[in-house]
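To keep things clear, I will list the structure first and then write my remarks on it.
The values are calculated or read from the model by the stated rules, or taken from the named source; none is laboratory data. The model shown is predicted, which means the values in this text are computed figures rather than measured ones. Ideal geometry is used to build each Cβ from the backbone, glycine not excepted, and the neighbour counts take in all protein chains shown. What goes into the accessible areas is simple: the full protein's heavy atoms, side chains included, and nothing from ligands, DNA or RNA. Shrake-Rupley method; radii C 1.70, N 1.55, O 1.52, S 1.80 Å.
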Amino acid sequence: MEFTVSQIAALLNGTVEGDGSQKVNRLDKIQEGKAGGVSFLSNMKYESHLYNTEATAVIVGEDFSPSKPLSTSLIKVKDPYSGFTQLLEAYAQLTKHSKTGVEEPSYMDQSTKMDDGGYRGVFSHIGKNCRIGKQVIIHAQAYIGDNVKIGDRCIIHSGAKIYNDTAIGNDCEIHPNVVIGADGFGFAPQEDKSYKNIPQLGNVILEDNVSVGSNSTIDCATMGSTIIKKGVKIDNLVQIAHNVIIGEHTVIAAQSGISGSTEIGKNCVIAGQVGIIGHLKIADNTTVGAKTGVSKSILQSGKIIFGYMGFEMKEFLKSYSIFKNLPSLQDRVKELEKKQ
Amino acid sequence: MEFTVSQIAALLNGTVEGDGSQKVNRLDKIQEGKAGGVSFLSNMKYESHLYNTEATAVIVGEDFSPSKPLSTSLIKVKDPYSGFTQLLEAYAQLTKHSKTGVEEPSYMDQSTKMDDGGYRGVFSHIGKNCRIGKQVIIHAQAYIGDNVKIGDRCIIHSGAKIYNDTAIGNDCEIHPNVVIGADGFGFAPQEDKSYKNIPQLGNVILEDNVSVGSNSTIDCATMGSTIIKKGVKIDNLVQIAHNVIIGEHTVIAAQSGISGSTEIGKNCVIAGQVGIIGHLKIADNTTVGAKTGVSKSILQSGKIIFGYMGFEMKEFLKSYSIFKNLPSLQDRVKELEKKQ
Amino acid sequence: MEFTVSQIAALLNGTVEGDGSQKVNRLDKIQEGKAGGVSFLSNMKYESHLYNTEATAVIVGEDFSPSKPLSTSLIKVKDPYSGFTQLLEAYAQLTKHSKTGVEEPSYMDQSTKMDDGGYRGVFSHIGKNCRIGKQVIIHAQAYIGDNVKIGDRCIIHSGAKIYNDTAIGNDCEIHPNVVIGADGFGFAPQEDKSYKNIPQLGNVILEDNVSVGSNSTIDCATMGSTIIKKGVKIDNLVQIAHNVIIGEHTVIAAQSGISGSTEIGKNCVIAGQVGIIGHLKIADNTTVGAKTGVSKSILQSGKIIFGYMGFEMKEFLKSYSIFKNLPSLQDRVKELEKKQ
């Protein structure tokens, strides 16, 4: 898809300085701008790139005036960053939701109902008694089991597996090879030291606007529901165990794991490779630093936790800086002992 | 499926106190009990929920007598917890193994033999010269390569990939998107600092009653076999490298990784996010705490290991509690230095 | 496939001592050798196995003479280890690239071109405007989106998902259930504490000879490209975030994660379960020990980094050995305090 620089400016309520008739078909970072690309300059730290970029046009603030000659056209707008984001979204809109209809062979049980405007890719599977909303995109090779509810405008990517009884709200995106609703890890130890499977009969509920990253796993509850509340964003390779509850607008970065029955509050930020043991409560607005192990409930809102067995980040960093110098502390103790 | 409260009581060899004719069709936690549900009360800590629950019936011990009026029926049995587990199992039995027959299109090479009573889902693939036992459930989009053996009553979930030469015993469950038998990470460094692929010619053996959680990976051996012994339970997103051996009835929680050629004994408990380096031996009955790094063999049975570079858990916790107070220890040393 | 011991010796430019007419069809470790197998003895530490092995033939050095009687034939070659590796490769060649042609049903958009000598497995998907080189193996249930380029002799395993605009060089191997080119984790916080999706418009570039292990994920760039340079070897369950660059011939072991926009140099070794935060630069020839957290750029080439918040490995180990004895250090301080 190609646009002129003037068309882009009109879209953004901006004005052109330079040649508005040139054509663009791509969004670039300013330091990597090439002919045919539109970039933006918001942080003046990067101003020097403006004078070297090969991008056809650069979006700048309406008050900006260049201090050197330049070979690119300028599109002047009120807020260059949100102007650019607006373009990104328009571009994504044009390229992402473009698939509709049904590709064959694909499988949908006749008891299932899917509303209009959606897409079912080739080799996808939808089981019995599902209820799929409108404009839902189900990519090739996705699997949806029985009794699954999916709201409007959801995207289920290739290879994602949504098991029986899962309920997904509106505007959710489930990335490739995610597994939702498979059995949790529940085994009862027997007298002979073997383990017996505890049937996992619950389900998973995802509220609206939830995103789950590639190859992540969310187990069904033993009974009741594993619940991911609205607006939660989960990165790749994350493990959410049975009966976990994640509060609204909490984000969880890659490779973190939340053990069974733990409840995480809303607006929390869980960084990457964090582990949280089971049956804890984590208060709203908690931040957990990367690689932290959380072994106790966090009851007060707004804490920042960090460390191998995490505690207040500031305190951990103090201890860790002494840890780095433990040999010298030990030497000082030796010195004192000698002097006695 | 609906049952009366009396039918449930009969199934459990129990007696009804209250209305045995009411119908139930679901198992609930007592604190979430709703009409139509059966709950149980085993731990008296939760007794208060009994007087508020909306569950139609609650399973209790035969000696229990309520201390307040209640609106639910009681089913009195010898052991309420195992009674409830029995119900869970009966329920799971009714809902899980219900699929039989072959859905089309699916692929099975004509040289492969699959016994009676099983199921092959749509878009599943089974390669050459496989030997599949009876009552095996192969879900939609599962992949089974060439020369694979699968015992009786196994369940291979959607998207699981079982590569060539894998041998799986009876009663195993392989969850969605698991990869078994793909190449291990074997590369020989060359003089120009590039790496050359070392062919991985071995296989993976899973003995009876093994369970592998969603998105876990078990690599084939370079030569010989990677062996997962009977009764081993592996959680989600776990990595088992080439030539590893896991002993009988050992459990491994989510996101742990076992490096190449390590042998883990029987009846071990490996918690989540543990890493064990290659070529070690871990004795029987070892417990490894969450997030532990294991860098040395553990030769004595029954140890509990914990820590970043793990050692005896008790010792680690002592050291860690002083680590948390290192700034004060450092201050005490300063104080002593001043006083000299 | 069966060969005589003499045929194997001829292939390796070696000589037979013993019965050259016996048939072999398998490669075995010497301690697990069985009739019909060929083993090798390179490290004399394992010499004792030679006198017990049931292998039909064992490859040894040309200067080797046994010190005891043996029941196996010997194949004498210049370098037994590389002779054996040569056999491994020949064997792998015979067994691996054997598939050609197209299995149906499979899906390839008519705008896509795939060169000769390749294979497309059943239930695989290839989207629009792709360009697939010669002798490319695309296994059953693999997914290739739109505008994807794949070079010659690549292997895309079952269940791997290669999303739109990905560019893959020659001789790459993408293992089962890998996800390449799905959206990165980019969300802009809004005033109401919700998050808005930042469209991810870039792609992923894999240069020649890259290997990606099962269930790993490589996210597309927000803009521009996530780049995996030639010869990089990535193990299972690894996370590579958007806009990361990995230098030539760097290896990354299982379950490690590299956060957004970090650049790793060439010839680095990243062990398992490592986490590297975003926007860092890691110099060439850096070694990062298992489970290390890297929170700062590493600017000098050739460092070995280790630890929870990693620093020079030698220093970390010194500090950690004192950490293990912190209770005794604390006691010594107590003792000093008492004596004052």
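General observations
- Test for A:ASP208: is it within 30 Å of C:CYS220 (Cβ to Cβ), of a type in the set (D, E, K, R) and either in contact with a strand residue (DSSP E or B) (Cβ under 6 Å, 6 or more places away or on another chain) or open to solvent by 40 Å² or more (accessible area, probe 1.4 Å) (or both): yes
- Lone qualifier among A:ALA55, A:ALA92 - being touching an Asp or Glu at 6+ places or on another chain (Cβ under 8 Å) and over 30 Å from A:ASP146 (Cα atoms): A:ALA55
- Residue match in the stretch C:222-235 (condition: open to solvent by 10 Å² or more (accessible area, probe 1.4 Å) and on the phi > 0 side of the Ramachandran plot): yes
- Lone qualifier among B:SER158, B:SER65, B:SER71, B:SER111 - being over 23 Å from A:PHE187 (Cβ atoms), modelled with pLDDT of 95 or more and part of a loop (DSSP other than H, G, I, E, B): B:SER111
- Within the stretch B:232-252, the set of residues being touching a residue at least 24 places away in the same chain (Cβ under 8 Å), under 10 Å from the mean Cα position of the chain (by Cα) and within 7 Å of another protein chain (Cβ to nearest Cβ) comprises B:ASP235, B:ASN236.
- Top-ranked residue in the stretch C:126-136 [being more than 21 Å from A:GLU104 (Cα to Cα) and open to solvent by 10 Å² or more (accessible area, probe 1.4 Å); ranked as farthest from the chain's Cα centre (by Cα)]: C:ARG131
- Some residue of the stretch B:296-318 being within 11 Å of chain A (Cβ to nearest Cβ), open to solvent by less than 10 Å² (accessible area, probe 1.4 Å), in contact with a Phe, Trp or Tyr (Cβ under 6 Å, 6 or more places away or on another chain) and not in a loop (DSSP other than H, G, I, E, B): yes
- Those residues of the stretch A:158-193 which are without any contact (Cβ under 8 Å) to a residue 24 or more places away in the chain and open to solvent by 20 Å² or more (accessible area, probe 1.4 Å), in sequence order: A:PHE187, A:ALA188, A:PRO189, A:GLN190, A:GLU191, A:ASP192, A:LYS193
- Scanning the stretch A:138-154 for residues that are within 13 Å of another protein chain (Cβ to nearest Cβ) and surrounded by fewer than 22 Cβ atoms within 10 Å (Cβ to Cβ) gives A:ASP146, A:ASN147, A:ARG153.
- Test: A:PHE123 is open to solvent by 10 Å² or more (accessible area, probe 1.4 Å), hydrophobic (A, V, I, L, M, F, W, C) and not in a strand (DSSP E or B): no
- Here B:LEU94 meets each of (1) within 13 Å of chain A (Cβ to nearest Cβ); (2) part of a loop (DSSP other than H, G, I, E, B); (3) of a type outside the set (S, T, N, Q); (4) exposed (fewer than 14 other Cβ atoms within 10 Å of the Cβ) with one exception, condition (2).
- In the stretch B:171-178, the count of residues that are assigned to a strand (DSSP E or B) and at the interface with another protein chain (Cβ under 9 Å from one of its Cβ atoms) is one or more.
- Condition check for B:ILE277: under 28 Å from C:GLY293 (Cβ atoms) and open to solvent by less than 10 Å² (accessible area, probe 1.4 Å): no
- B:VAL238 vs. criteria within 18 Å of B:HIS175 (Cβ to Cβ), open to solvent by 10 Å² or more (accessible area, probe 1.4 Å) and either not assigned by the TED database to the domain that holds B:ALA290 or not polar (S, T, N, Q) (or both): no
- One residue stands out among those in the stretch A:319-331 that are at the interface with another protein chain (Cβ under 7 Å from one of its Cβ atoms) and within 16 Å of C:PHE311 (Cα to Cα): the one that is surrounded by the fewest Cβ atoms within 10 Å (Cβ to Cβ), which is A:PRO327.
- Residue that is surrounded by the most Cβ atoms within 10 Å (Cβ to Cβ), among those in the stretch A:37-54 that are assigned to a loop (DSSP other than H, G, I, E, B) and more than 30 Å from the chain's Cα centre (by Cα): A:THR53
- When residues of the stretch A:22-32 are limited to those that are open to solvent by less than 80 Å² (accessible area, probe 1.4 Å) and modelled with pLDDT of 85 or more, the one farthest from the chain's Cα centre (by Cα): A:GLN22
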